[in-house]
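J.: My questions will all concern the structure given below.
The values are calculated or read from the model by the stated rules, or taken from the named source; none is laboratory data. As the structure is a computational prediction, the values presented were derived from the model and not from experiment. Neighbour counts run over all protein chains shown; Cβ positions are idealised from the backbone, glycine included.
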């Protein structure tokens, strides 16, 4: 019996082409308004929303901030952002593990872009999928809490290799001795993946290290104007 014939199918179009097209639209829209946009990525519970609410509260009179909030369900985090004083647009992915550039484009069209300096995209909590898709942002920002362990840059290299900044959050927990976390290992592994990554050791709860993060944000916003 002859084996069945095989057929080669050539795929000319990138399956992510539609996302890339929307990402480029987002870049153009942000550029036209001289707006910075950061895509904040982490696992669930790292403290992304707490960092953002603290940042918005403390910089409210210096930087005009809005947040595109990505979650699988609920608008809990968007309500926290709004209560801190920033405009928030909620996107519920209904099960998808990341935001798409089309979803971000729709959110951008609902924001007063001419009245803003900086937009944060708080992506769905996930260290893998969100790092693979471009949304039109200027930079990715990785957030890692000390409670998650110091092995994450080595285990999830793509995010840390692509990020402009790494925020190591909840450093106040190190003083309690409750968690074992090697800051030197994280710095070393992250810098090996990305020699230009900026690293800030912070606590959104206690405020430790936040001033350095704020200075960097203000410098970035000023450089765009």
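J.: Does region 168-175 contain any residue that is in contact with a helix residue (DSSP H, G or I) (Cβ under 9 Å, 6 or more places away or on another chain), crowded, with 18+ Cβ neighbours inside 10 Å and on the phi > 0 side of the Ramachandran plot?
T.: Yes, the conditions are met somewhere in region 168-175.
J.: Only one of these is surrounded by 15 or more Cβ atoms within 10 Å (Cβ to Cβ), touching a strand residue (DSSP E or B) at 6+ places or on another chain (Cβ under 8 Å) and within 19 Å of residue 86 (Cβ to Cβ): 190, 204. Name it.
T.: Details: 190 fails: within 19 Å of residue 86 (Cβ to Cβ).
Only one candidate qualifies: 204.
J.: Against the definition (touching a helix residue (DSSP H, G or I) at 6+ places or on another chain (Cβ under 8 Å) and farther than 21 Å from residue 73 by Cβ), how does residue 102 come out, yes or no? Steps first, please.
T.: Values: touching a helix residue (DSSP H, G or I) at 6+ places or on another chain (Cβ under 8 Å): yes; farther than 21 Å from residue 73 by Cβ: no.
Judged against the criteria, residue 102 is not a match.
J.: I would also like to ask the following. Under the condition of being over 24 Å from residue 108 (Cβ atoms) and surrounded by fewer than 19 Cβ atoms within 10 Å (Cβ to Cβ), which residue from region 123-147 is nearest to the chain's Cα centre (by Cα)? Show your work before the answer.
T.: Going through region 123-147, the residues over 24 Å from residue 108 (Cβ atoms) turn out to be 127-128, 144-147.
With surrounded by fewer than 19 Cβ atoms within 10 Å (Cβ to Cβ) added as a condition, the list becomes 128, 147.
Numbers: 128: 12, 147: 19 Å.
Ranking the candidates gives 128 first.
J.: Is it the case that region 211-221 has a residue that's out of contact with any helix residue (DSSP H, G or I) (no Cβ under 7 Å at 6 or more places or on another chain), at pLDDT 95 or above and on the phi > 0 side of the Ramachandran plot?
T.: Scanning region 211-221 turns up no residue that is out of contact with any helix residue (DSSP H, G or I) (no Cβ under 7 Å at 6 or more places or on another chain), at pLDDT 95 or above and on the phi > 0 side of the Ramachandran plot.
J.: Quick test of your reading of the structure: residue 97 fulfils all but one of (1) within 22 Å of residue 42 (Cβ to Cβ); (2) out of contact with any strand residue (DSSP E or B) (no Cβ under 9 Å at 6 or more places or on another chain); (3) crowded, with 16+ Cβ neighbours inside 10 Å. Name the failing condition by number.
T.: Unmet for residue 97, out of (1) within 22 Å of residue 42 (Cβ to Cβ); (2) out of contact with any strand residue (DSSP E or B) (no Cβ under 9 Å at 6 or more places or on another chain); (3) crowded, with 16+ Cβ neighbours inside 10 Å: (3).
J.: Restricting to region 54-80, count the residues that are in contact (Cβ under 8 Å) with a residue 40 or more places away in the chain and either in a helix (DSSP H, G or I) or more than 17 Å from residue 116 (Cα to Cα) (or both). Talk me through it step by step, then tell me what you get.
T.: The first filter runs over region 54-80 and keeps only residues in contact (Cβ under 8 Å) with a residue 40 or more places away in the chain, leaving 54-55, 58-59, 62-72, 77.
Then keep just the ones that are either in a helix (DSSP H, G or I) or more than 17 Å from residue 116 (Cα to Cα) (or both); that gives 54-55, 58-59, 70-72, 77.
Number of matching residues: 8.
J.: Only one of these conditions is not met by residue 63: (1) touching a strand residue (DSSP E or B) at 6+ places or on another chain (Cβ under 7 Å); (2) crowded, with 19+ Cβ neighbours inside 10 Å; (3) farther than 23 Å from residue 166 by Cβ. Which number is it?
T.: It is condition (3) that residue 63 fails.
J.: For region 81-119, name all the residues that are without any contact (Cβ under 8 Å) to a residue 40 or more places away in the chain, over 29 Å from residue 62 (Cβ atoms) and in a loop (DSSP other than H, G, I, E, B).
T.: Answer for region 81-119, where residues must be without any contact (Cβ under 8 Å) to a residue 40 or more places away in the chain, over 29 Å from residue 62 (Cβ atoms) and in a loop (DSSP other than H, G, I, E, B): 93, 94, 95, 96, 97, 98.
J.: Among 161, 154, which is the only one that is free of Cβ contacts under 8 Å to residues at least 40 places away in the same chain, closer than 18 Å to residue 129 by Cα, surrounded by 15 or more Cβ atoms within 10 Å (Cβ to Cβ) and over 15 Å from the mean Cα position of the chain (by Cα)?
T.: On the way: 161 fails: over 15 Å from the mean Cα position of the chain (by Cα).
Answer to the selection: 154.
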